[in-house]
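Each value in this text was obtained by applying a stated rule to the coordinates, not by laboratory testing. Note that this is a predicted model, so its numbers are computed, not measured. Note that each Cβ is placed from the backbone with ideal geometry, even for glycine, and that neighbours are counted across all protein chains shown.
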Amino acid sequence: MTDLLIELFSEEIPARMQTRAANDLKKLVTDGMVEAGLTYASAAAFSTPRRLTLTVEGMLDASPTTVEERKGPKADAPEKAIEGFLRGAGLTRDDLEERETPKGNIFFAKITKEGRPAAIIVAEVLERTIRNFPWPKSMRWGNGTLKWVRPLHSILCITSSEEGATVVPLEVDGIISGNTTRGHRFLSPDNITVNNFDDYTSKLKSAHVVLDAQERADAIWNDATNQAFATGFKVVEDAGLLTEVAGLVEWPVVLMGEIGEDFLGLPAEVLQTSMREHQKFFSVRNAKTGRIERFITVANRTTVDNGATILTGNQKVLSARLADAKFFWENDLRVAKSDMSVWLKSLENVTFHNKLGTQAELVNRMATLAHKLAPAVGADPDMAEKAARLAKADLSSEMVYEFPELQGLMGRYYIEASGEDAQIAAAAEEHYAPLGPSDDVPKAPVSITVSLAEKLEKLNGFWSIDEKPTGSKDPFALRRAALGIIRIAIENDLAISLNTVMPTEHAKDLLSFFHDRLKVYLKDQGIRYDIIDACIAMDGNDDINLLVKRARALSETLKTDDGKNLIQGFKRANNILSQAEAGDGVEYSYGADVKFAETEEERNLFGALDTSEVKIKPAMVAQDFASAMSAMATLRTPIDAFFEAVQINSDNPTVRRNRLNLLSRIRTVCSSVADLTKIEG
Amino acid sequence: MNSTTPRSFQEIILRLQGYWASKGCAILQPYDMEVGAGTFHPATTLRSLGSNPWAAAYVQPSRRPTDGRYGENPNRLQHYYQYQVLIKPSPPDLQELYLGSLAAIGVDMDLHDIRFVEDDWESPTLGAWGLGWEVWCDGMEVSQFTYFQQVGGHDCAPVSGELTYGLERLAMYILECDHVMDMPFNDPDAPIPLKYGDIFKQTEEEYARWNFDVANTEVLLRHFEEAEVECQAILSQAFDDPKTGKRIIMAHPAYDQCIKASHIFNLLDARGVISVTERQAYIGRVRTLSRQCADAFVQTRAGGFIEAAE
């Protein structure tokens, strides 16, 4: 058994690619080894900004020799067939053994694959891995043709056992493998000779390199939180930033600095975004006031002045950045307070989509729609319209130009500053929501209205130019918009008739798009497609919330015994009735009279129908589907008993007609709740 | 900082010139046209194409009309200087060479935190891209470091290594100035000491006003069209010059027109008369020109074309 250590040493690898690359290295090398018969006990991969490292323990010294027996042609087969077999197996005539079998004499061959030393296999696999490495983006350098994420400088590849270490000989485009690496670029730039993995990690650590990214991240976080805590501060958690920063350093040194007094008046989100995006700083809050007043930066080295120069430099850069942000903020506030129409005007120069006109035109249509939608949401129509007009104003602001991710939020700040109603300001921030399936939906009436208007307008627009999502392609996120509308309606319990806010030309098609999205959404909540179809078939199916209530009630009813059996009874009644109607050429829809009832079961059914009809009708008017459906489910017992006892096709035509009309009452009552013919099973 | 710290903006430039000259680069002069960045100098764009080796360094005055702040912002300027180095093929120790240049201009390598942070470079107008980094010194971007992969739609083989220093920001850092206008341009002890602001404060104001509010957009639009037409007219000429009988492909004069179109586009952009959709179309038109210039250049001797022996 031996251990294997590989290190690919290059110029700085982008932080976001390191973890994936280490995993790829592990997978490609170990898969290649195993495929070649070289098994191992365990493997682990690591990354730093300048290296990808793989350690494999308990690897075979060589792949085992394998013997495979292969059945060939019959002994009396034509010469050509035998030659073909020998060629295919890479054998000569002497290797063949003739054996008697029930099917005659047949040639058999033993193919022996000699095992190969680990070093040869590793060299082959590693070269192949380097040449075909799946970097998201790779490059050439100098005169070469090899591709790597950045120039590759050296390959460390050794096998080691108790007897010592041996270099696995290998060359890739002039880079010759060896047993050396280098330490930290500035703190320990000398070559290091390595014997095995433990030796490697400990020598690296002495050379100011922490190999394990998780260890670096943990060290950064511990040190950052400790430094902050010691002075009554708290680091704002940011897992993504932590991973990124751990990928930017080999020797992390945490430094905490103060944000200049001048900038503390900027919105917290602006401070945070500017520090994170531009400087990779963590934000640090004053535990007492909750304000962001400090930052944490992570240097890649120690210095004799304990980082004083580095911290001063970082502070200066931050001040320049924040001076810019402050410049934007103050200019924007000036516009917001004097006349925001300048921003609205400049939306006229921004194309929304070449077939759908400018952002300003989009906003106009949104405003009209918001005015129309407001009453159903319980918002003031004029306020909703105004909120829609202002919702995209911040797209013209300097801050959003600089930090697009602050759109909406800046809108809220600026509209508040302009003196508008807080509800209008909130709508600017909230109208983009929900952005994902787990994102909260707006709850305030004005925000809801603008959010609905924005999404509906988008759908209407793209439907009108026939740009619908197809397959996996949905470049304008129209599925997300439709799902957003669905969730807003359901979670706010809103009755909105979509048909009144969609142009008639495409209302039908767009509504069925909503229904498709709804099916996917409800399926995730355990409601079957056939149940939704049974509800879609009813009137009022453009009111998503109503549709969902009906579907939920039906789904619950169908979970009960009475519900399941009622469906059977209903279907039986419906089938008999349909056949009779088809045969007789008449519709049995009216005139069932209890006086023609001959049996107790028949009379009971009359009674039960009378009772349930009285309950169902008002419940349906009140959209109390649960009550309506439980009243319907009570019909199960009398219907079952009726079918048990009564023969529909009586010899007496009057009795027969009366019974068919009775079945028709079952159909009518049940169908007033949902189209049960769509239910499967 | 220690005794080798430079004392002025110009000393930093002179030291960079000295350093890269000592490393074997030809020290060129700025290109005599308005450009948005040092990359536009034909010594970079065109010379990165073809197989001929190349090593050049130069200062390039650069203009970005939209960045004008009337000289008020501490480090945003519509006219600024870049220092540009291009070496083809990129040498294996280019990172070390670069770090050596920082030491040469007074960055104490024992006190600062120098980092190579991913930054892929792409110039839609030049039809060019490369991979590399922003180089950070204590969190400040001091240079761009790029391995050119493609220019003008042509694969770069060999690959050039390109270094671009934003001189004002770098100098402000080394000279410890908080506002660019306060930075000493020449030696502060010179008989007539001049600060950056003495030279450029007024021009920043003048150009900011012109760029944002006054530049005649109709004239600019016409100039853009004219440059485009001229570029293509130059490139449509036969390779062989009827007068001298020599093969003279006019890649450089054509490329001048491409540079001109690109700068006019930047001015129009600053005037705010180009919509988002139009923007893409204009960029595409400039890119077409730069591609055609690159196509022409690789047909020339400097572009690696080998003429058949007579």
Per-residue average of Cβ from other chains inside 10 Å of A:314-322: 5
Length-normalised contact order of chain A in % [C-alpha pairs under 8 Å, at least 6 apart]: 7
Share of alpha-carbon pairs per 10 Å distance bin for region A:442-597, given as whole %: 9, 31, 27, 17, 12, 3, 0
Helix A:504-523 vs. chain A, principal-axis angle (Cα, 0 to 90°, nearest 10): 70
DSSP-loop trypsin sites (Lys or Arg not before Pro) across region B:212-287, with at most 10 other Cβ within 10 angstrom: B:Lys243, B:Lys246
Cα gyration tensor category, rounded, prolate or oblate, for region A:85-208 with a/c compared to 1.5: prolate
Calculated P(r) tail over 15 Å for region A:390-478, as whole % of Cα pairs: 63
Fewest-first ranking of B:Cys25, A:Cys535, using other Cβ atoms within 10 Å as the exposure measure: B:Cys25, A:Cys535
Set of aspartates and glutamates with alpha-carbon distance to A:Lys345 below 13 Å, sequence-local pairs under 8 removed: A:Glu361, A:Asp394
Alpha-carbon centroid distance for the pair region A:149-188 / region A:292-335, whole angstrom: 39
³J(HN,Hα), Karplus 6.51/-1.76/1.60, whole Hz, each residue of region A:592-607, x for Gly, Pro: 5, 10, 4, 5, 8, 5, 9, 10, 4, 4, 5, 5, 4, 5, 3, x
Kirkwood estimate for region A:521-601, i.e. one over the average of 1/r between Cα atoms, Å: 15.4
Size of electric dipole in the protein assembly as shown: Cβ of Lys, Arg +1 and of Asp, Glu -1, about Cα centre, debye, nearest 20: 1340
Ordering of A:381-387, A:524-530, A:665-671 by burial proxy (mean other Cβ atoms within 10 Å per residue, highest first): A:381-387, A:665-671, A:524-530
Between 0 and 90°, nearest 10: helix A:445-464 axis offset from chain A longest Cα axis: 80
Convex hull volume per residue in cubic angstrom - Cα atoms of the protein assembly as shown: 322
Distance between region A:522-572 and region A:58-74 - C-alpha centres, whole angstrom: 62
Cα-only radius of gyration and Dmax that characterise region B:131-238, units Å: 20.5, 58
Angle in degrees between helix B:276-297 and the longest Cα principal axis of chain B, rounded to the nearest 10: 70
For region A:626-672, the fraction of alpha-carbon pairs in successive 5 Å shells from zero, as %: 5, 19, 25, 23, 14, 9, 4, 1, 0
Part-to-part distance (alpha-carbon centres) for region B:108-159 and region A:3-37, which is given in Å: 25
Residue mean of other protein chain beta carbons inside 10 Å, A:139-148: 6
Normalised contact order of chain B, rounded percent, pairs of Cα under 8 Å and 6 or more residues apart: 21
Potential lengthening between A:Ala287 and A:Glu491 on full extension [0.36 nm per residue; Cα-Cα distance subtracted]: 69.9 nm
Sites matching chymotrypsin sites (Phe, Trp or Tyr not before Pro) across region B:176-260 that sit in DSSP coil, with at most 15 neighbouring C-beta atoms within 10 Å: B:Phe239
Student exercise, region B:1-91 dipole from Lys, Arg, Asp, Glu Cβ charges, in Debye to nearest 20: 180
Given charges at Cβ of Lys, Arg, Asp, Glu: the protein assembly as shown dipole, positive-most of B:Ile249, A:Ala41, A:Ala379: A:Ala379
Inter-chain Cβ neighbour average for residues B:131-143, partner chain, 10 Å: 5
All-pairs Cα distance distribution in chain B, expressed in whole percent, bin size 10 Å: 6, 25, 32, 24, 11, 2, 0
DSSP-defined antiparallel bridges as percent of all bridges, region A:113-195, nearest 5: 90
10 °C / 1.306 mPa s Stokes-Einstein diffusion coefficient of region A:1-44, Kirkwood radius on C-alpha pairs, µm²/s: 133
Chain A: calculated mean residue ellipticity at 222 nm from DSSP helix runs of at least 4, using -39500 (n - 2.57): -16000 deg cm²/dmol
Ratio of the Cα radius of gyration of region A:333-455 to 2.2 N^0.38 Å, where N counts its residues: 0.98
Gyration tensor (alpha-carbon) shape descriptor, region A:603-681, a/c threshold 1.5: prolate
Region B:1-105 - convex hull of the alpha-carbon atoms, volume per residue in Å³: 123
Pairs of alpha carbons in region A:145-298 whose separation is greater than 23 Å (percent): 52
Protection-proxy order for peptides B:123-136, A:425-438, each taking the mean of Cβ atoms within 10 Å per residue, highest first: B:123-136, A:425-438
Rounded, prolate or oblate (a/c below 1.5 giving rounded, otherwise prolate when a/b exceeds b/c) for region B:187-276 by Cα gyration tensor: oblate
Listed residue pairs exceeding 24 Å between alpha carbons, taken from A:Lys519/A:Lys559; A:Lys234/A:Lys316; A:Lys137/A:Lys316; A:Lys473/A:Lys523; A:Lys443/A:Lys468; A:Lys234/A:Lys280: A:Lys137/A:Lys316; A:Lys443/A:Lys468
Inter-label distance for B:Gln17 and A:Ala308, nm, one decimal - labels placed 7 Å from Cα along Cα-to-Cβ: 3.6
